[in-house]
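Worksheet: the structure to be examined is printed underneath.
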Amino acid sequence: MPKTATPTGKRDLYAEIPAEMKHDCKKCQSLCCTALRIEWDDGEIKEQDVVCEHLTDDFTCGVWDKLESLGRGLCRRFFCLNSGPEICSPLFREGTDWRKTPEIAPLLFNEFRRVYIERFKAILGADPEKNDAKQTSPAATASPNQSRG
């Protein structure tokens, strides 16, 4: 897949993603807002496996329109390569989620991290756990092997 660049010369990773791998947040249970450790633009950190303070009961962002001004612009630039919707689809079919069935949360979050990191490396040839992807992905510091500390 050819590498694309933004006007500033940085890779435009989203443009390189095949259409079938572009995600639909409405088909997910906000796994990125919970499962990942996120270092936001303002230097604040949300730890892995901790629910973001802005996540609403219906799995949407309560401050989506204010993310940039809150220093959370990284959330708008994140893409999961359809990992979240794929992992959540069986839960939707069963009529449950990780809040209704909290005992599934650790397994679900670990699987999301594993699938996401595997896809990111395979599709984009970049490692989301290293700085080469940090400008685009808050998963730059997420690891499928990290334990909550």
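Looking at the structure I just gave you, is GLY125 over 12 Å from the mean Cα position of the chain (by Cα) and modelled with pLDDT under 95? So that I can check it myself, show each step before the final result.
Numbers: over 12 Å from the mean Cα position of the chain (by Cα): yes; modelled with pLDDT under 95: yes.
In short, yes.
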Exercise. Can you tell me which of LEU81, LEU36 is modelled with pLDDT under 90, under 23 Å from ALA126 (Cα atoms) and among the aliphatic types (A, V, I, L, M)?
Worked result: LEU81
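If a residue must be over 14 Å from GLU44 (Cα atoms) and either hydroxyl-bearing (Ser, Thr, Tyr) or modelled with pLDDT of 90 or more (or both), how many such residues does region 66-76 contain?
1
Confirm whether GLU129 is within 26 Å of GLY43 (Cα to Cα) and not aromatic (Phe, Trp, Tyr).
Criteria met by GLU129.
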Problem set entry | Among the candidates GLU47, GLU53, residue that is more than 15 Å from LEU81 (Cα to Cα), more than 15 Å from the chain's Cα centre (by Cα), among the charged types (D, E, K, R) and at pLDDT 85 or above | GLU53
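The values are calculated or read from the model by the stated rules, or taken from the named source; none is laboratory data. The model shown is predicted, which means the values in this text are computed figures rather than measured ones.
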